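Input: a single structure, listed below in structure tokens.
The values are calculated or read from the model by the stated rules, or taken from the named source; none is laboratory data. If you're wondering where the values come from, they're calculated on a predicted model, not measured in any experiment. So basically every Cβ, Gly included, is an ideal-geometry build from the backbone, and we count neighbours across all protein chains shown. Quick note on the areas: whole protein, heavy atoms, side chains included, nothing else; ligands and nucleic acids left out. Shrake-Rupley method; radii C 1.70, N 1.55, O 1.52, S 1.80 Å.
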Amino acid sequence: MAMRDKRQLSGFRIYLTPVMFLIVNGLIVFLAAGSFGFWPAWVYLIGVFMIMIFMGVYLQKKAPGLMARRMQYEEKEPSQNTVFLRIFGPLLYIISYLTPGLDYRYHWSTVPSSLIIIANIMVFLGLTLIFFVFKTNSYAESIIQVENDQMVITTGPYTVVRHPMYVGLLLMFLFDALALGSYWALVPFLLCIPMLMSRAINEEKVLIRDLPGYREYCLKTRYRLLPFIW
């Protein structure tokens, strides 16, 4: 009964999460910009919104268990539940989306339209990679934990790196600022990358400790995010 309720709620969140993304990020960006004429924000927000809707509808039909598990947001690992991360993470998120709007309002930098379009394509590629990760791994949860029946995934993108979902996020962090037409926004978005790397390391500690076979998988698949680099 509880799982069915979660699945019903996750079906509702298919639309709620993308709508909240559009509203919250739209408010941050456009209020900072002081204008609805900030066209890079429209391209970025609507593009991400549409991909999120597609992913949600598809996964709700094909992997409802994954959608239900991704409803969990309360971290159980102490390393991910610190006051610093609870405050700094959301603050950095807000700054990341405020900066492009302020950049547009005060003309701090000018990104060529062609580069904005290319950056948006890269952001959408990052989201597409995350979608394929979800198709491959039904245990790609929002929090760091190991389920009782969880198995090590060694197929698809997991044959290349150990954290392909984070590779998708890395692509987004690298190109979000340019997609939103701001060079200055590169600073807060790039600051998200060390947090992502730290999370990958902490996640591996949990998986090695609690997931049988993961240590052997790490020996076989050597790189976390970038082949031949890290």
Where does each of 15, 223, 214 land when they are ordered by accessible area, with a 1.4 Å probe and the largest first? 15, 223, 214
Can you pull the percent of region 146-230's accessible area that's carbon plus sulfur, 1.4 Å probe, other chains left in place? 66 percent
Accessible area per residue, Å², region 124-230 with all protein chains present, probe 1.4 Å: 49 Å²
Region 162-230: trypsin sites (Lys or Arg not before Pro) in DSSP loop, at most 14 other beta carbons within 10 Å: 222
